[in-house]
Amino acid sequence: MSKKLNERWNSSFIRWSFGAVLVFALFGFGTEDSLYAQPRVLEISVIDSNDKPLADADVEIREWTGELKPTDFRGTTNADGKIVFEDFEMQSYLYLFVRHPEFAPAVMAFSTTENDTLKATVRLARPGTNFLQILSPDGNPVVGAEVTRMEYSSNLTQTKSFANQSLFQAMMQNDGSAYHSDQQGRLQLPPLPMDAVLTVTVTHPDWAVGKIENVKLGEIHNTSLKMAEGTVVEAYFSGSPEAVNKLKGQSIDIVTSDREKNRLMHSFQVKESKTQFTLVPGRYDSLNIRAKDVVITPSLPSSSKLAEFWNIPELDRVKKNFVVRELYPVTGKVVTHDGRPVSNAEIMIGFENLYLDENGNEQIVKEHPSSNDFAETNQDGVFQAKLPKGKTSISIFWTSGYYSIPEELEFEFNGEPNLPNYVVKQKPTLKGQLVDENDQPVPKAVIRFLNNDIDSPCSFTDTKGLFSIDVNALGYDYQKEERSFLLDVAAFDLSSNLCCIQQVDVSDESAVSNCRLRLTSQPATWLMDEIKRRKKERFERVLASSNYLREEIAKAQKKQVSETAKEDLAPEISPGTWLNTEARSLKEFRGKYVLLDFWFIGCGPCERGIPNLKLVHEVFHNQNFSVIGVHIAGGSPEIVKQFADAKGMSYPLVIDAIDEPILKAYRPLGVEGYPTYILIDPAGKIVKDSGFHGSMLECLREKMLLSKETKSSN
């Protein structure tokens, strides 16, 4: 993966992370890997907080495409509180709006799965309406403040909900225009359940983002949110008259994030070719401004090399110039070397990342020479996009099953509607045989690539020791700054000391089609020690060019050491809703190794890790071991159960309670993203520095082998 492509992957991840906040919610089905177009049946049941059916509730489906769009799926519940949408072919991220004149509205996000019938129960509660008082730092009312994000939990509805700016406006049932705080600084909130506990983030052009947390709706009129001082950024837009005119009057989306995770995600109105917003002073590692029909640069993705361009000084006001370019519709096609179309492939389209220097001349951001957009091919391999004129590149996501050499198709775009064909290769498949020290085939052994820092899929040898496994990703040579086809392959038996690690050149067709791996008997700790050594070497090469990344990793490691040192015994997992087990607390698993998996439906990396979790549970559950999947708060038990059954997740699951007691207890221990794995030993103590991310199978194999050795020696 090239340096530019690697940075684009990071940008894509940031895009997904922001989207996941919106999509995972309470009714969250599936991920990008489980979107289907065939007809489905969607059954919605609406009940009140006493579980009685609610007739005449208005149910509406809206589509999320960067903004909320209405669909044809809308109706009211019958006398039994039910409504059925048949021929439900929607396959994008969707939102379910449920309203009733006597109750607070409910908003839930979902996407379709392979199930023929999708079912969900929506619980509504009596509303409590109120407003939030917005004040300046000196206590004066703030006029024109808007909600950027709102989240609330309710025991009456047994839900935890999230709403960004667009969803907030939809819940207010206005004409779609932004809702602002009035002359008294009062910012009206939508009808919410009477027992709601809120966290509200508020934005205003003159002040830095403000936030008020965990306030009860009934007490919110007795409190206020004070905005914070910051540096006002005056953003000026220049370019061709046609491009600038298209921008005037638009509400443009601005997304920024600095090193301390101070984020701004909001829409701002463009007036007279400029707008303004306020940021906390510091160096920002991401900046993206989106508008309709034009592209705005510079755009800075979050990555290991930060651009010095986007520094915010401690001043009252600063000026930043942006370049606006017109977008032209284009059509392209992705094909293999023999001309076959590549369907359902996600590609990235890069274009020059321009900015204006102090003399008003256009320059390219050196650290991030390309901004980017995304497109997906149809069944004929065709994609459609919009591009500005200038140097352009096309690259394909590795997860599409294809790659190209060079990594990008580069050309000069002059506005022509048809792009040149992008020719790609199919990912290689490693095939071969696994033998022991006596050249005898080894059946039921694991084969896995080690070049990835997530738990990549594995393959098993058959009765003749034969295996076949797709190459899940290529490596990267940081000295040559190009793809590396030399990959580490691990092979090991889960229940014995037989293992090996061998490097394979996956660009060599003979090596790929006839790979021979030999297992040897090694100490129980050898495999993990070798993986950690190689990982350390790889990280040192990665960090060599990035002071920022070194600082961030050192800071994270110091934080992890200091925080985990505070806690030996794993916090109790209670209260919560348990599934697939009679247990109701973590204490009931004493005497076993327990692997906690913090996850949620709709998290792509979480779901990609499920096969390995199922594997370790199946292999080790008779050896004093258990997996416990900890689903975040707000997950409906019926939805989680339906999802778990469909995925074959037979191990114990627990859904965090609405007030998040489990997450609050484990967040100081490192649960900041998903999935997060924490291993607990038979005495109930957390196993520190277990290296689970990226090496789950190998780590658990080591613990089980050492446990066997201890028992046999006693």
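The values are calculated or read from the model by the stated rules, or taken from the named source; none is laboratory data. Not measured: the values here are computed from a predicted model. Here the Cβ positions follow ideal geometry from the backbone for every residue, glycine too, while neighbour counts run over all protein chains shown. Surface accessibility is based on the protein's heavy atoms, side chains included, excluding ligands, DNA and RNA. Shrake-Rupley method; radii C 1.70, N 1.55, O 1.52, S 1.80 Å.
With a 1.4 Å probe and every protein chain left in place, tell me how much accessible area Thr117 has, in Å² to the nearest 10.
That residue has around 50 Å² of solvent-accessible surface.
Under a 1.4 angstrom probe, counting protein chains only, how are Arg538, Arg186 ranked by accessible area, largest first?
Arg186, Arg538
Mind giving me the nanometre distance, one decimal, between the label points for Asp462 and Gln379, set 7 Å out from Cα along Cα→Cβ?
Taking the two extended label points, one gets 3.2 nm.
If Lys and Arg each add +1 and Asp and Glu each add -1, what is the summed charge of the other residues whose beta carbon sits under 12 Å from the beta carbon of Ser510?
Spelling it out: positives minus negatives among the neighbours equals -1.
For Glu572, Glu408, what's the largest-to-smallest order of accessible area, 1.4 Å probe? Provide the component values of the computation, followed by the final result.
Working: Glu572 70, Glu408 25 Å².
These residues rank, largest area first, as Glu572, Glu408.
With r as the distance between the Cβ atoms of Lys391 and Ser495 and R0 = 41 Å, compute the FRET efficiency 1/(1 + (r/R0)^6) and round to 0.05.
0.15
Between His337 and Glu86, what length in nm is gained on full extension when 0.36 nm per residue of separation is reduced by their alpha carbon distance?
So the chain would gain 86.2 nm between His337 and Glu86.
Any chance you could look up the accessible area of Cys603 with a 1.4 Å probe, heavy atoms only, rounded to 10 Å²?
About 0 Å², rounded to the nearest 10.
Ratio of Rg to Rh for segment 432-545, alpha carbon only, Kirkwood?
Values: Rg = 14.5 Å, Rh = 14.8 Å.
Result: Rg/Rh = 0.98.
Around Thr676, which amide H atoms from residues at least 5 apart in sequence, or from another chain, sit under 5 Å from its own amide H, with H modelled in the peptide plane?
For Thr676, the qualifying residues are Phe598.
What are the residues whose amide H is under 5 Å from the amide H of Ser484, where those residues sit 5 or more places off or on another chain and H is modelled from the backbone?
Amide H neighbours of Ser484: Gly475, Tyr476, Asp477.
What 222 nm value per residue comes from the helices of the chain, counting each DSSP H run with n ≥ 4 as -39,500 (n - 2.57) and dividing by all residues, nearest 500 deg cm²/dmol?
It comes out at -5500 deg cm²/dmol, rounded to the nearest 500.
Could you order Asp656, Asp293 so the one with the most accessible surface comes first? Probe is 1.4 Å.
Asp293, Asp656
For segment 244-379, what relative contact order do you get, as a whole percent, if you take Cα pairs closer than 8 Å and at least 6 residues apart?
20 percent.
Expected output is a single nm value to one decimal: the length gained when fully extending between Glu272 and Ser712, i.e. 0.36 nm times separation in residues minus the C-alpha distance. What is it?
Difference between extended and current length: 150.5 nm.
How far apart, in nm, are the 7 Å Cα→Cβ label points at Lys431 and Lys532?
Rounded to a tenth, the inter-label distance reads 3.8 nm.
Under the rule of at least 5 residues apart or a separate chain, name every residue whose amide H is placed under 5 Å from the amide H of Leu387.
Tyr328, Val330
Roughly how many Å² of Ser166 are accessible to a 1.4 Å probe, to the nearest 10?
Result for Ser166: roughly 40 Å² accessible.
Counting only protein heavy atoms and using a 1.4 Å probe, what share of the accessible area of the chain belongs to carbon plus sulfur, as a whole percent?
That share works out to 46 percent.
If each of Glu362 and Asn245 carries a label point 7 Å out from its Cα toward its Cβ, how far apart are those two points in nm?
1.9
Near Val197, within a Cβ-to-Cβ distance under 12 Å, what is the net charge of the other residues, with Lys and Arg +1 and Asp and Glu -1?
Values: positive: Lys160, Lys216; negative: Glu151, Asp195, Glu213, Glu219, Asp659, Glu660.
Residues close to Val197 contribute a combined charge of -4.
Return one whole number: the accessible area per residue of the chain in Å², for a 1.4 Å probe.
Each residue of the chain exposes 45 Å² on average to a 1.4 Å probe.
Output ³J(HN,Hα) for segment 328-333: one whole-Hz value per residue in order, computed from phi by the Karplus curve 6.51 cos²θ - 1.76 cosθ + 1.60 with θ = phi - 60°, and x for Gly and Pro.
Rounded to whole hertz, the list is 10, x, 9, 10, x, 9.
Please list 3J(HN,Hα) in residue order for segment 659-666, calculated via the Karplus relation 6.51 cos²θ - 1.76 cosθ + 1.60 where θ = phi - 60°; whole Hz, with x for glycine and proline.
After applying 6.51 cos²θ - 1.76 cosθ + 1.60, I find 7, 6, x, 5, 4, 4, 6, 9 Hz.
Would you mind checking the pairs Lys431/Lys536; Lys248/Lys391; Lys685/Lys711; Lys160/Lys246; Lys535/Lys614 and listing those with alpha carbons more than 30 angstrom apart?
Pairs exceeding 30 Å: Lys160/Lys246.
Please give the contour-minus-distance gain from Arg126 to Lys444: 0.36 nm per residue of separation, less the Cα-Cα distance, rounded to one decimal in nm. If you can, show how the numbers build up before the last one.
Working: separation 318, 0.36 × 318 = 114.48 nm, distance 5.71 nm.
Contour length minus the Cα-Cα distance gives 108.8 nm.
How much net charge surrounds Thr77 when only other residues with a Cβ under 10 Å from its Cβ are counted (Lys, Arg +1; Asp, Glu -1)?
-2
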